[in-house]
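Inspection log for the structure reproduced underneath, given as structure tokens.
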Amino acid sequence: MKFKHILVIIILFIIFIFSTIISYSNSVFAGLENNIFRLHILANSNSEKDQALKLKVRDGLLDYMKEINNNSSKKTETIQNTKNHINEIKAKCLEILEENGSNYDVHLEIGNFYFPTKHYGNISLPAGNYDALRIIIGEGKGQNWWCSLFPPLCFIDISSGYLSDDDSKILEDNLTEEEFMIISNSAPDIKLKFKILELLNNK
């Protein structure tokens, strides 16, 4: 009888731990999802030429995106500004492609999309569904490039992909302490927590 009681306690403890983990995952991921608006550019293919074109579009587009979102202090404002200028953004992409000898069409959509785990320098985002501006060049079958339009992290040093102190401050101002530590891997137990988020949110 005593063994059965111990077994019941162990099972209840495991259920409690598992429920806590799920609650933690849902809370943190919901926070990241609600506070991040991503830019996602898909190349036509993985050929060297198409990958170079993707980066040309990225480089030419970032200054324009920074200009139209210069006064955005909220994710909702960034999304609305992007929607208001969607035709201009597409025209800019087509102009860049034409200047580089390409006649690819470009398809743009703003929505909520599934992303696998992504790493961008010293930033990592767990797999899940995020709001994003998706730019598909041609058939969109090549490797992609992504960044965060809000918080505005698309404009960090692209060559290194690493956050400066000022960029880190932007993240800290727009995310909770826990969310910031998760995506910047800035605490001893964060790798384990990040893996938990990956496992529970991966599809």
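What follows is calculated from the coordinates using simple rules that are stated; it is not laboratory data. Please read all numbers here as calculations on a predicted model, not as lab measurements. Neighbour counts run over all protein chains shown; Cβ positions are idealised from the backbone, glycine included.
Can you tell me the FRET efficiency between LYS74 and ASP105 if r is taken as the Cβ-Cβ distance and R0 is 30 Å, rounded to the nearest 0.05?
Numbers: r = 32 Å, r/R0 = 1.07.
So, using R0 = 30 Å, E works out to roughly 0.40.
Were the residues from LYS83 through LYS141 laid out at 0.36 nm apart, the gain over their Cα-Cα distance would be 18.4 nm.
For the stretch 91-125 versus the stretch 69-84, the spacing of their alpha-carbon centroids is 18 Å. A Förster distance of 22 Å, applied to the separation of the beta-carbon atoms of GLU172 and ASN129, puts the FRET efficiency at 0.40.
The shape of the stretch 26-118 comes out oblate: with a ≥ b ≥ c from the C-alpha gyration tensor, a/c is at least 1.5 while a/b does not beat b/c. Annotation: amide H-H contacts under 5 Å for LEU39 (H modelled 1.01 Å from N, sequence separation of 5 or more, or interchain): LEU133, CYS147, SER148, LEU149.
Pairs with C-alpha atoms separated by more than 26 Å, drawn from the list LYS90/LYS141; LYS49/LYS92; LYS49/LYS75, are LYS49/LYS75.
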